[in-house]
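Since the structure comes first, as structure tokens, the remarks are kept for the end.
The values are calculated or read from the model by the stated rules, or taken from the named source; none is laboratory data. These numbers were taken from a predicted model, which means no experiment stands behind them. Here Cβ is always computed from backbone atoms with ideal geometry, including for glycine, and neighbour counts include all displayed protein chains. To get the accessible areas, we keep the full protein, side chains included, count just its heavy atoms, and leave off ligands, DNA and RNA. Shrake-Rupley method; radii C 1.70, N 1.55, O 1.52, S 1.80 Å.
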Amino acid sequence: MKRVEILKTYKIYSGGNFPRTESGRYYLALDKKGNPIANMCMGSRKDVRNAVVSARKALGAWSGKTAFNRSQILYRIAEVLEGRKSQFIEELILQGSQKNIAIKEVEDSIDRIVYYAGWCDKFCQIGSSVNPVSSSHFNFSTYEPVGVVGLIAPQDSSLLGLVSLLMPIIAGGNTCVVLANESLPLCSITFSEVLHASDVPGGAVNIITGHISELIKPLSTHMDVNALAFSGLSELKKEIDLFSVENLKRVRSYDLNWQNTDTQGLHYITDFQEVKTTWHPIENIGGATSTY
Amino acid sequence: MKNQNNFNSLPLSPSVDKVGVEERVSRFQKRSIKTNSKMDGLKMVLNMIDLTTLEGKDTPGKVRQMCYKAIHLHDSFPGLPTVAAVCVYPSMVGLAKSMVKDSGVKVASVSTAFPSGQAPLDVKITDTKYAVDQGADEIDMVISRGKFLAGEYAFVFDEIAQIKEVCGQARLKVILETGELATLDNVRKASDLAIYAGADFIKTSTGKIQPAATMQVTYTMLMAIRDYYDETGIMIGMKPAGGISNSKLALHNLVMVKELLGDEWLTNEWFRFGASSLANDVLMQILKTDTGKYQSSDYFTID
């Protein structure tokens, strides 16, 4: 008798744990030919709510780490991903990628994580400024994380798209609630296992699988989510903007091919930073005197 | 008639089946309360809250702010009730009284050397008298847990009876501090003792000791109230305090009260929540139910 294969149920990642969806629902992830390849949790609005609570709770711990420590942790993510490369390649192939493309996607993802690991303790210096003012103040502007960021993972790329938007968000000290790629979901949950094994504090990143159309509303209307990021989804852009208006969420949408090497950079980090300007009283303007 | 001040009339308390209590309580927690019933339940919870600040660092400003909040829970959402009472230390009673005026919000004062209760009786009486003279509508006293655990039940009984005498018109809530009583049998024993000694309300905890108002403990105390009511026809109030910080738990408590004691107890005359952070969570739930949007604590007053 032929052995019946046991499909893994990929659980969601919330608050540093891997619970099933509270709704008890699931859906099948299919390969290109329409064969089932895994059971995925069909997350609900309550999963979103719980994830946001976890993300809010984790914000202090994550944003309070030193920038250098965050850099080390991001680098650690890259290391762990490198070690589990073959599993990701396998999943990408299962989801319909060609082998050479799958290998490139995983390698590019690792490189992109290392890229943002490097930025953690540098973007602030590069982006901050000392501003000329006409009163006796030392005036400077610097960055602070916006807070809890909702991320709707790019729907055209399973791993690299997620990495390309998630890394700049957490590099800047934000915590994040991710709605995973709906049709290519395997890598997102396996990636959460990587995050879990890399000293990322529980709740700093939460990943929920399910139907994007169902989960967009509870996430984008949530008053405790400070910013929203997504890629593509142009047909939903207006709706998301309207949902986000009540608490003036910062909405950043991108229409990019994340496979390109130029889809990384400083501004993906600063898109999710608030600028804080400080007026520090001093005796003289300009600093040319001995008392400065 | 109530058998006041008569220790000999105190019946033997039945022993409590802990496993049975846990089983029963877990069933209350599986009820699903939605839409209109949820909204009504949440407003009822708000109206039953004793908004509390009991810290060494309490200032007149803090008390003023809390009293204002007690009356104006969230003015941008019309139709909300006020809370039942504000609960403060005796030194703040006069101020609180002058703040709440005729809003219907009562002023409760802790007394008898709260929270430990480790003081001589005359100090406790003076403490209570002061609060009553300042205008407290309700007195939350603590029992002497040390004496109780040492088996000196008559001492604890007499103490409650004497404080009750000092209270005059003020209603007396007796805090058992169940977190220090160790077993549910002790909780039941202390509940019976407090009720027979003259308590108008029995209350779980000071809020300073964990665990505080677990549903198991509240269940045990409600059963004591039930049995006393069946025996004498006299209603006693219940106040779980400490540890009830979210709406769901509060609603589950209401379900429990309704099923154990009935609708008569579902008013703030007979049931209270002692809490400081519960009010905001309930407000957030009410707004969520109304708007369909999950709320953020950023848009609610700090308390």
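Scan the stretch A:36-47 and give yes if some residue there is in a helix (DSSP H, G or I) and open to solvent by 30 Å² or more (accessible area, probe 1.4 Å), otherwise no.
Within the stretch A:36-47, one or more residues are in a helix (DSSP H, G or I) and open to solvent by 30 Å² or more (accessible area, probe 1.4 Å).
The set of residues in the stretch B:90-139 that are polar (S, T, N, Q), open to solvent by 40 Å² or more (accessible area, probe 1.4 Å) and under 16 Å from B:G168 (Cα atoms) comprises B:T126, B:Q134.
Residues that are more than 22 Å from B:V282 (Cβ to Cβ), in contact with a strand residue (DSSP E or B) (Cβ under 9 Å, 6 or more places away or on another chain) and part of a helix (DSSP H, G or I) within the stretch B:217-266 comprise B:M221, B:A224, B:I225, listed in sequence order.
Go through the stretch A:15-35 residue by residue and tally those that are assigned to a strand (DSSP E or B) and under 16 Å from A:L186 (Cα atoms).
So in the stretch A:15-35, the residues assigned to a strand (DSSP E or B) come out as A:17, A:26-30.
Checking which are under 16 Å from A:L186 (Cα atoms) leaves us with A:26-30.
Of the residues in the stretch A:15-35, 5 are assigned to a strand (DSSP E or B) and under 16 Å from A:L186 (Cα atoms).
I need every pair where a residue in the stretch A:37-49 that is within 14 Å of chain B (Cβ to nearest Cβ) and at pLDDT 95 or above has its Cβ under 8 Å from the Cβ of a residue that is open to solvent by 30 Å² or more (accessible area, probe 1.4 Å) and in a helix (DSSP H, G or I), sequence separation at least 6 or different chains. Close Cβ pairs (under 8 Å, with a partner that is open to solvent by 30 Å² or more (accessible area, probe 1.4 Å) and in a helix (DSSP H, G or I)) amount to A:S44/A:E214; A:R45/A:E214; A:R45/A:K217. Just one residue in the set A:S220, A:S157 is more than 27 Å from A:E90 (Cβ to Cβ), touching a residue at least 40 places away in the same chain (Cβ under 8 Å) and touching a Phe, Trp or Tyr at 6+ places or on another chain (Cβ under 6 Å); that residue is A:S220.
Out of A:I189, A:I207, which single residue is assigned to a strand (DSSP E or B), in contact with a strand residue (DSSP E or B) (Cβ under 8 Å, 6 or more places away or on another chain), farther than 19 Å from A:V146 by Cβ and open to solvent by less than 10 Å² (accessible area, probe 1.4 Å)? So the residue among A:I189, A:I207 that is assigned to a strand (DSSP E or B), in contact with a strand residue (DSSP E or B) (Cβ under 8 Å, 6 or more places away or on another chain), farther than 19 Å from A:V146 by Cβ and open to solvent by less than 10 Å² (accessible area, probe 1.4 Å) is A:I207. Of the strands (runs of 3 or more DSSP E) contained entirely in the stretch A:50-166, those carrying at least 1 residues that are more than 14 Å from chain B (Cβ to nearest Cβ) and more than 28 Å from A:P19 (Cβ to Cβ) fall at A:129-131, A:137-145.
From the list B:K208, B:K173, which residue is of a type in the set (D, E, K, R) and either free of Cβ contacts under 8 Å to residues at least 12 places away in the same chain or in a strand (DSSP E or B) (or both)? Just a single option satisfies the conditions, and that option is B:K173. Across the stretch B:132-149, a minimum of one residue is classified as over 27 Å from B:A279 (Cα atoms) and aromatic (F, W, Y).
When B:L261 is tested against (1) open to solvent by 20 Å² or more (accessible area, probe 1.4 Å); (2) within 15 Å of B:L222 (Cα to Cα); (3) hydrophobic (A, V, I, L, M, F, W, C), exactly one condition is not met: (1). Every residue in the stretch B:264-303 that is open to solvent by 10 Å² or more (accessible area, probe 1.4 Å) and among the aromatic types (F, W, Y), please. Within the stretch B:264-303, B:W270, B:Y294, B:Y299, B:F300 meet the criteria.
Once the stretch B:268-292 is narrowed to residues that are part of a loop (DSSP other than H, G, I, E, B) and at pLDDT below 95, the residue that is farthest from the other protein chains (Cβ to nearest Cβ) is B:S276. Name the single residue that is surrounded by the fewest Cβ atoms within 10 Å (Cβ to Cβ) among those in the stretch A:256-280 being in a loop (DSSP other than H, G, I, E, B) and in contact with a helix residue (DSSP H, G or I) (Cβ under 7 Å, 6 or more places away or on another chain). The extreme case among them is A:Q259. Checking A:R45, A:R25, A:R70, A:R56 one by one, the residue that is touching a Lys or Arg at 6+ places or on another chain (Cβ under 9 Å) and under 30 Å from A:T221 (Cα atoms) is A:R45 and no other. Applying the criterion of being open to solvent by less than 60 Å² (accessible area, probe 1.4 Å) and hydroxyl-bearing (S, T, Y) to the residues of the stretch A:15-35, the residue that is farthest from the other protein chains (Cβ to nearest Cβ) is A:Y27. Evaluated against (1) part of a loop (DSSP other than H, G, I, E, B); (2) away from chain B (no Cβ under 14 Å); (3) more than 14 Å from the chain's Cα centre (by Cα); (4) modelled with pLDDT of 95 or more, A:H222 falls short on exactly one condition, (2).
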